[in-house]
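Chemist: Sharing a structure below in structure tokens format, with a few things to ask.
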Amino acid sequence: MNHHGVAALHRQADRVLPRIFRDYVNGGSHSERTVRANRLAFDRWAVVPKCLVDVSDCDLSASFLGSFHWLPFMLAPLGFGGLMCPDGELRAARVAASAGLPMAVSTFAIQSLETLSRVPGVTLAAQIYIFRDRGITRDMLRRAEECGIRTIILTVDTPITPLRLRDARNGFRNLTRPSLRHLLSMATHPRWTAGMLRNGMPKIGNLAPYGMGNTLMEQARNAASQIDPTLTWKDLEWLRSVWPGHLAVKGIMDAGDALACQKAGAQTVIISNHGGRQMDPAPSSLSVLPDIAEALKGETEIILDGGVRWGGDAVTALALGAQAVGIGRPWAWALAAGGEKGVNSLVSGLGDEIRDVLRLGGMVDLASLWSQGRAMLRPVS
Ligand SMILES: Cc1cc2nc3c(=O)[nH]c(=O)nc-3n(C[C@H](O)[C@H](O)[C@H](O)COP(=O)(O)O)c2cc1C
């Protein structure tokens, strides 16, 4: 599958997915201003071309989340990613393994950590929430460790789930079985429906050990109500004390909060507004990156997600202080559009674009990018 940019994968996914899932992926909370802000923030920066440098080779390898990777981005955790096409997460994990980038597995993954960790050569990070029942959280840590996973991503920006208008209109999370409207929408999207139903009705395989319901929607509702809104920094200290491996905290948008993560012993801060699905209006994730990078003084790793769609976006975030970026919706679109081939085209396309931007900027690796940093950018007036 040739790469024609993320927008082409998005258009194709919109055609393939029944409305309830298309809206679930594309949507944000409240006004969806934050979803738009994440994209617009990248338009404010340009990369200055530099010439007469030997750029015949360009190496994108980088270490982040506790291991070495061939590309400076990760597949961000997406709940229900496996609904985009049959065995969706498994296909994404195979691409991540062969391309040499890490995949973060959502608590709400259709395929379990156990299934995904059997993909040869894959590097996974397990995304967790601290549940009201700490026994479940501890068990997820145990499972991650038994699967050979060395990195946990604790998501902290979801103490509540705000109104997401598109989901509310579709009854997403309130339905226990599909309505007539949804059945019609499935009938008019036969490629998706035939593919998914061949494997039977999907469930959240990653939560299967905890008996949270008989259907996917029941599981989703019960698990969402397990997310503990009483969490404080003490609970992060608790997690730090029970998880000896690499710890990343996801959903940080404030320099003071980033410093508190550093103090609690997290090795990575993931700057994210959950792709505009939580606080609305929140600042774009890119706009808070410089302040957070200054506060952390290079002592704690930074990953940024939200609106990264082009190689140039990734380069901009790296120049402003991130070690890597996370890609969210694009890998869901890629799965819906073309399964494993779609994700392969996304990942190789983004890698090629990053290489193009680096070389035209006179750089041959990420070390040269970081040594120039902000100096290689100009604000767009
Ligand atoms: C459909 C969807 C499901 C998501 N599920 C999760 C999740 O289960 N856990 C989590 O930490 N973040 C979740 N996120 C947030 C993403 O990890 C990431 O922060 C966001 O998608 C990045 O923005 P982007 O989609 O513009 O790339 C989800 C995002 C989307 C779009």
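Chemist: Residues being open to solvent by 70 Å² or more (accessible area, probe 1.4 Å) and either closer than 21 Å to residue 77 by Cβ or of a type in the set (Phe, Trp, Tyr) (or both): count how many of those fall in the range 198-220.
Modeler: Count: 2.
Chemist: Mind checking whether some residue in the range 310-328 is over 17 Å from the mean Cα position of the chain (by Cα), open to solvent by 10 Å² or more (accessible area, probe 1.4 Å), farther than 30 Å from residue 87 by Cβ and within 16 Å of the ligand (Cβ to nearest atom)?
Modeler: Scanning the range 310-328 turns up at least one residue that is over 17 Å from the mean Cα position of the chain (by Cα), open to solvent by 10 Å² or more (accessible area, probe 1.4 Å), farther than 30 Å from residue 87 by Cβ and within 16 Å of the ligand (Cβ to nearest atom).
Chemist: Applying the selection to the range 196-207, what residues are part of a helix (DSSP H, G or I) and either at pLDDT 85 or above or within 29 Å of residue 278 (Cβ to Cβ) (or both)? Give the steps one after another, and end with the answer.
Modeler: Of the range 196-207, the ones part of a helix (DSSP H, G or I) are 196-198, 205-207.
Within the range 196-207, 196, 205, 206, 207 meet the criteria.
Chemist: Test residue 308 against the criterion of being closer than 17 Å to residue 37 by Cα and in a helix (DSSP H, G or I), and give yes or no. Full working, then the answer.
Modeler: Numbers: closer than 17 Å to residue 37 by Cα: yes; in a helix (DSSP H, G or I): no.
For residue 308, the condition - closer than 17 Å to residue 37 by Cα and in a helix (DSSP H, G or I) - is not met.
Chemist: Which residue pairs have Cβ atoms under 9 Å apart, sit 6 or more places apart or on different chains, and have a first residue in the range 222-251 that is part of a loop (DSSP other than H, G, I, E, B) and a second that is of a type in the set (Asp, Glu) and surrounded by 17 or more Cβ atoms within 10 Å (Cβ to Cβ)?
Modeler: Listed by first residue and then by second, the contacts come to 228/235.
Chemist: Something else now. Please find, among 248, 260, the residue that is within 12 Å of the ligand (Cβ to nearest atom) and farther than 26 Å from residue 166 by Cα.
Modeler: Numbers: 260 fails: within 12 Å of the ligand (Cβ to nearest atom).
None of the others qualify; the one that does is 248.
Chemist: Grab the strands (runs of 3 or more DSSP E) fully contained in the range 1-74, keeping just those with 1 or more residues being open to solvent by less than 30 Å² (accessible area, probe 1.4 Å) and out of contact with any His (no Cβ under 8 Å at 6 or more places or on another chain). If you could, list the steps in order and put the result at the bottom.
Modeler: On the way: elements: 45-47, 62-64, 67-69.
Hits in the range 1-74: 62-64, 67-69.
Chemist: Write out, first by first residue and then by second, each pair whose Cβ atoms fall under 8 Å of each other, whose residues are 6+ apart or on separate chains, and whose first residue, in the range 161-189, is more than 26 Å from residue 275 (Cβ to Cβ) while the second is in a loop (DSSP other than H, G, I, E, B) and at pLDDT 85 or above.
Modeler: Sorted first by the residue in the range 161-189, then by its partner, the pairs are 176/215; 177/215; 179/171; 188/18.
Chemist: State yes or no: is residue 322 out of contact with any helix residue (DSSP H, G or I) (no Cβ under 6 Å at 6 or more places or on another chain) and of a type in the set (A, V, I, L, M, F, W, C)?
Modeler: Working: out of contact with any helix residue (DSSP H, G or I) (no Cβ under 6 Å at 6 or more places or on another chain): yes; of a type in the set (A, V, I, L, M, F, W, C): yes.
Answer is yes for this residue.
The values are calculated or read from the model by the stated rules, or taken from the named source; none is laboratory data. Treat the numbers as computed from the prediction; the structure is a model and nothing was measured. Positions of Cβ are generated from backbone atoms using ideal geometry, with glycine treated the same way; all protein chains shown enter the neighbour counts. These area figures cover heavy atoms from the full protein model, side chains too; ligands, DNA and RNA do not enter into them. Shrake-Rupley method; radii C 1.70, N 1.55, O 1.52, S 1.80 Å.
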